[in-house]
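Following: one structure in structure tokens, then a few remarks.
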Amino acid sequence: MAAEIDVLSGGRLRLGVGVGETDLEMQALGHGFTDRGKRIEEQVLLMRELWTKSLVTLKGNYHTVDDMGIAPMPRQRPIPIWFGGEADVVIRRMARLGDGWMLNRAYPEEAKPMLEKLHGYLGQEGRNPDEFGVDIRINLSKHPRATWPQLVGQWRALGITYIGVNNMGSGFKSLAERLEAIDLFKQETGL
């Protein structure tokens, strides 16, 4: 599916992945909770193989693929994989395997120590932090309009590469109001 979306989007897909945070999610999938990190590592490696090679054979701890390929192949080879999560083990994993981080923090001061930790782990992996993307969401219900330019400036100073707007819970009654708020945010912040 990701390869097809990448083709249909003209090579613009960033695939967000995460391990889940509740045992119930893993039970519903028929998997254990404690090995989910190791499982996603193997899955990331398998997806990258499938996205870059016409035929793949893999005998892993969790997946076995014998002479398998996908069609269509994605335009990006491989598709960038962005991790979610904030636990130390996840930050280490994304520094080793990821292309970016979908950081779910509301305030730059909360995120700064985690970003510093990420940059340290990227350095340990021999990777350049400037080539690793970070995506955040600004929730309009938590941040009054007057704070938007300063908030965006603080995020930019931390090296954030993508800023999205979340306007859920902001009291908007229609799609038009939501779109107007996003446009206003864009105008006020220069994004």
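The values are calculated or read from the model by the stated rules, or taken from the named source; none is laboratory data. Everything quoted here is computed from the prediction, not taken from an experiment. Cβ coordinates were reconstructed from backbone atoms using ideal geometry, including for glycine residues, and neighbour counts include every protein chain displayed.
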_For the stretch 81-98, give me each residue that is within 11 Å of Glu41 (Cα to Cα) and among the charged types (D, E, K, R)._
Arg93, Arg96
*Count of residues meeting criterion [under 27 Å from Gly133 (Cα atoms) and either aliphatic (A, V, I, L, M) or assigned to a helix (DSSP H, G or I) (or both)] in the stretch 148-179*: 17
*May I ask you to say which residue of Asp66, Asp99, Asp6 is modelled with pLDDT under 95 and either of a type in the set (D, E, K, R) or on the phi > 0 side of the Ramachandran plot (or both)?*
Asp66
*asked:* For the stretch 92-109, check the following and say yes or no: at least one residue is of a type in the set (A, V, I, L, M, F, W, C), touching a residue at least 60 places away in the same chain (Cβ under 8 Å) and out of contact with any His (no Cβ under 9 Å at 6 or more places or on another chain).
replied: yes
*Give just the number: which of (1) in contact (Cβ under 8 Å) with a residue 24 or more places away in the chain; (2) within 24 Å of the chain's Cα centre (by Cα) does Arg178 not satisfy?*
(1)
*Search result, residues across the stretch 126-138 that are surrounded by 14 or more Cβ atoms within 10 Å (Cβ to Cβ) and touching a helix residue (DSSP H, G or I) at 6+ places or on another chain (Cβ under 8 Å)*: Arg127, Pro129, Phe132, Val134, Ile136, Ile138
*In the stretch 11-63, how many residues are touching a strand residue (DSSP E or B) at 6+ places or on another chain (Cβ under 6 Å), among the charged types (D, E, K, R) and at pLDDT below 85?*
0
*Taking only pairs six or more apart or across chains, which ones have beta-carbon atoms under 7 Å, a first residue in the stretch 143-170 that is touching a residue at least 12 places away in the same chain (Cβ under 8 Å) and buried (at least 16 other Cβ atoms within 10 Å of the Cβ), and a second residue that is aromatic (Phe, Trp, Tyr) and not in a loop (DSSP other than H, G, I, E, B)?*
Trp148/Phe185; Ile163/Trp155; Val165/Phe185
_Being within 18 Å of the chain's Cα centre (by Cα), crowded, with 18+ Cβ neighbours inside 10 Å and over 18 Å from Gly16 (Cα atoms): is that true of Ala111 here?_
yes
*asked:* I'd like to know if the stretch 106-118 contains one or more residues that are at pLDDT 90 or above and within 18 Å of Leu15 (Cβ to Cβ).
replied: no
